Amino acid sequence: METQGFVTYEMNALNGSVSLQTSGTFEQPQPGDTWTLSVTGGPKNQPVMISVNPWIWPPQFMTVGQTDGQGNYKWVHALTIADVTQGFNYPVWIPFPNSVGNIPTTYQDPNAPKGFRNVTVAILSLYPQG
């Protein structure tokens with residue numbers, strides 16, 4: 001089991017954290033190996049989203065879950081054959097209120113809800129071996 005932490009200015013401003021825990025050895029991933037992305041103390045009751053296509057701007061999102069009333073969320077994913085053979089790249093985003101971290105309101109993508117900015121809190125990537 002391996003755990004990796006992610007640091008963003010906004011999560012630090014909330015005293016929150018984001019971590020990734022994996023089963024198996026992701027040096028030679030196998031279908032069925034799992035990862036768990038954990039958000040602790042993030043913005044409350046906000047969608048957790050991944051970029052549909054991480055190479056375009058503004059990003060287009062797919063919602064994979066929502067933080068609870070304490071700002072917590074867990075996303076568990078078991079690798080599929082397609083994940084292992086084709087790979088993936090999942091930038092993970094959560095909307096943060098503009099007031100968090102005293103960031104200028106000009107720091108915002110056009111898809112963010114009014115009064116919020118979408119922040120990348122992690123990037124989950126797996127590149128096929130070979």
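Scan region 9-51 for residues that are in a loop (DSSP other than H, G, I, E, B), touching a helix residue (DSSP H, G or I) at 6+ places or on another chain (Cβ under 8 Å) and of a type outside the set (S, T, N, Q) and the total you get is 6. In this structure, T85 does not satisfy being in contact with a His (Cβ under 7 Å, 6 or more places away or on another chain) and polar (S, T, N, Q).
A short reminder: the numbers here are calculations on the coordinates, not readings from a lab. Values in this document were obtained by computation on a predicted structure and should not be read as measured data. Neighbour counts are summed over all protein chains in view; Cβ atoms, including those assigned to glycine, are modelled from backbone coordinates with ideal geometry.
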